[in-house]
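First up is the structure itself, then whatever we jot down about it.
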Amino acid sequence: MSDRIVRAIGLTGGIATGKSAISSYLAFTYKFPILDADIYAREAVHPDSPILDSIVKRYGAVILLPDGSLNRPELGNIIFCNPAERQWLEQQIHPYVRRRFVEGIQSCIAALTQETQKTLTLVLVVPLLFEAQMTDLCTEIWVVYCSPEVQLARLMQRDGLSGDRASARINAQMPIAQKCQKADVVLDNSSTLDSLFLQVDAQLTCDRD
């Protein structure tokens, strides 16, 4: 693999800033493989998993739905108002998510050996990229940004949350301004999706020049 070039874009940002829109666009338009932390985090707490068992032991059966799956809204009410509990939960889930990312990257590289192309570009969608200390998995970092007012309004509308609960979820993450300072690329999603996708196109076109 010494002659292969692997480009791993770490896509992050604040909650409800537009990460999913960009990852879907990159998958559909550019056919980049997408590795998603949210998918791995859901895998980590599937019914009868050791991690879900640990969560139930800590919070009780109230954290479960009738079918035995995790009651995410109930868990969110606990952790987004209590930094210590949020940290405990992340310590349970983040190692699993990191392991799945490593496996996913290795799988993509292995598949590349069967093809003639020498360059692989893949996208790691990680909302807590900095907080979970997973930046070492990426070769570059893209942060999707929108104004705090737009972010709050989008989150309230998307998840049906009150202003206080939406603000608690936003404040649980690293401030978006700090993420932008750490980014190689900042994409502004304060306007329309068309505007956002044009920024993505411009970035990838610039990379080829």
> Which distance in nm do the two modelled labels at Met174 and Glu131 give, with both placed 7 Å along the Cα-to-Cβ direction?
Replying inline: 1.1
> Hey, what's the per residue convex hull volume over the C-alpha atoms of the stretch 143-209, in cubic angstrom?
Replying inline: 82
> Once you list every other residue whose beta carbon is under 12 Å from the beta carbon of Arg86, what net charge do they have if Lys and Arg are +1 and Asp and Glu are -1?
Replying inline: -2
> Which helices count as membrane-span-like in the chain under these terms: full DSSP H, at least 15 Å along the axis by C-alpha, Kyte-Doolittle mean of -0.5 or more?
Replying inline: 19-30, 83-112, 193-208
>> Run the simple label-point estimate for Glu90 and Leu193 please: 7 Å along Cα→C-beta, distance reported in nm.
In response: 3.0
> How much net charge surrounds Val143 when only the other residues with a Cβ under 14 Å from the Cβ of Val143 are counted, with Lys and Arg +1 and Asp and Glu -1?
Replying inline: -1
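Of the DSSP beta bridges with both residues in the chain, give the percent that are antiparallel, rounding to the nearest 5.
5
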> Gain in length, Gln106 to Ser69, computed as 0.36 nm per residue apart minus the alpha-carbon separation, to one decimal in nm?
Replying inline: 10.4 nm
> Among the lysines, which fall within straight-line cross-link reach of Lys31, defined as a Cα-Cα distance under 23 Å, with same-chain neighbours fewer than 8 residues apart omitted?
Replying inline: Lys19, Lys118
> Which value, in nm² and rounded to one decimal, describes the direction-averaged projected area of the C-alpha convex hull of the stretch 79-209?
Replying inline: 9.9
>> As I understand it, the dipole of the stretch 59-209 uses +1 on the Cβ of Lys and Arg and -1 on the Cβ of Asp and Glu, about the Cα centre. Which of Leu155, Ala166, Asn71 lies farthest toward its positive end?
In response: Asn71
> Rounded to the nearest 0.05, what FRET efficiency do Ile78 and Ile39 have when you use their Cβ-Cβ distance and R0 = 25 Å?
Replying inline: 0.65
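For Ser23, what charge total do you get from the other residues with a beta carbon under 12 Å from its beta carbon, if Lys and Arg give +1 and Asp and Glu give -1?
Details: positive: Lys19; negative: Asp36, Asp38.
Net local charge, Ser23 excluded: -1.
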> What does the convex hull of the Cα atoms come to per residue for the stretch 1-92, in Å³?
Replying inline: 156
> Given the rule -39500 (n - 2.57) for each run of at least 4 DSSP H residues, summed and divided by the residues of the chain, what is its mean residue ellipticity at 222 nm, to the nearest 500 deg cm²/dmol?
Replying inline: -17000 deg cm²/dmol
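Laboratory data are not the source of any read-out in this text; all were calculated from the coordinates shown. Predicted model only: the values in this text are computed from it and were never measured. Every residue, glycine as well, gets a Cβ built from its backbone with ideal geometry; the counts of neighbours run over all protein chains shown.
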